[in-house]
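After the structure tokens below, expect a handful of questions from me.
The values are calculated or read from the model by the stated rules, or taken from the named source; none is laboratory data. Note that the structure is a prediction, hence the values are computed from the model and not measured. All Cβ positions, glycine included, derive from the backbone under ideal geometry; neighbour counts span all protein chains shown. Just the protein is used for accessible areas: all its heavy atoms, side chains included, with ligands, DNA and RNA removed. Shrake-Rupley method; radii C 1.70, N 1.55, O 1.52, S 1.80 Å.
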Amino acid sequence: MVEKRFMRLAIGKALAGIRKKNSPFGACIAKGNRLVAVAHNTVRGDCDSTAHAEINAIRLSCRKLKTIDLSGCTIYSTTEPCPMCFSAIHWAKIGEIVFGTRIGDVKKIGFSEIPLSDRRLRREGKLHVKVIGGVMRKENLELLKTWKKMGGKPY
């Protein structure tokens, strides 16, 4: 079951990141109905190309739960996870991904995304992670517009 409240937390965190001059991405990890962690993209602020929202949320969740096995968790991401984040989600054993906008949406605003969809990654990797896309799409597209209006530049 998609818990929109977790997507709202990811959106809120992405907005906080935008205010700090970071890219417009947020992620939230929940285990059942319990919030584990929420994070935003900190690539620019941390000078770390791997500091995507999903990676930051996974790092926080692992520290909080004191394990690298996030089985039973769901990750809510404002945008479809890139191949790096999708791989990290797989290795963390997160069973479900819920996202708002697609990789193509951020590619249109200038991000140099690798055009590998979640469908292709699951098919080619023979992965069984459940993926639900387009959740709160309108609100997540608004994040991208807000970021652009505030002079955001892709890295």
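Using r as the Cβ-Cβ distance of LEU141 and THR67, and R0 as 35 Å, what FRET efficiency do you calculate, to the nearest 0.05?
The computed FRET efficiency comes out at 0.50.
What does the highest-first list of 145-151, 60-66, 82-88, 36-42 look like by mean Cβ count within 10 Å?
Per-residue Cβ counts within 10 Å, averaged per peptide and sorted highest first, yield 36-42, 82-88, 60-66, 145-151.
Step through the table entries LYS31/LYS126; LYS108/LYS138; LYS108/LYS153; LYS93/LYS130; LYS107/LYS153, compare each Cα-Cα distance with 19 Å, and write down the pairs that go over it.
Pairs exceeding 19 Å: LYS31/LYS126.
Related question: Of LEU9, PRO115, VAL98, which is farthest towards the positive pole of the chain's charge dipole, taken about the Cα centre with +1 and -1 on the beta-carbons of Lys, Arg and Asp, Glu respectively?
Final value for the positive-end residue is LEU9.
Just need the relative contact order of the chain here, percent rounded to a whole number, with Cα pairs under 8 Å and 6+ apart.
Values: 307 pairs, mean separation 33.1, N = 155.
Reported as a whole number, the value is 21 percent.
Same structure again: Would you compute, from DSSP H runs of 4+ residues alone, the mean residue ellipticity of the chain at 222 nm, taking -39500 (n - 2.57) per run and dividing by the full residue count, rounded to the nearest 500?
That comes out to -13000 deg cm²/dmol.
What order do HIS128, HIS52 take when sorted by accessible area (1.4 Å probe), most exposed first?
I get HIS128, HIS52, largest accessible area first.
Would you tally the net charge around GLY45, using a Cβ to Cβ cut-off of less than 11 Å, leaving GLY45 out, and scoring K and R as +1, D and E as -1?
Once all neighbours under 11 Å are counted, the net charge is +1.
Taking all protein chains as present, what is the carbon and sulfur share of the accessible area of the range 74-141, in % to the nearest whole number, probe 1.4 Å?
The computed percentage sits at 56.
Compute the label zone of ILE132 within the range 29-72: residues whose backbone N is under 20 Å from the point 7 Å along Cα-to-Cβ.
In the range 29-72, the label zone of ILE132 (backbone N under 20 Å from the point 7 Å along Cα→Cβ) covers 29-39, 54, 58, 70-72.
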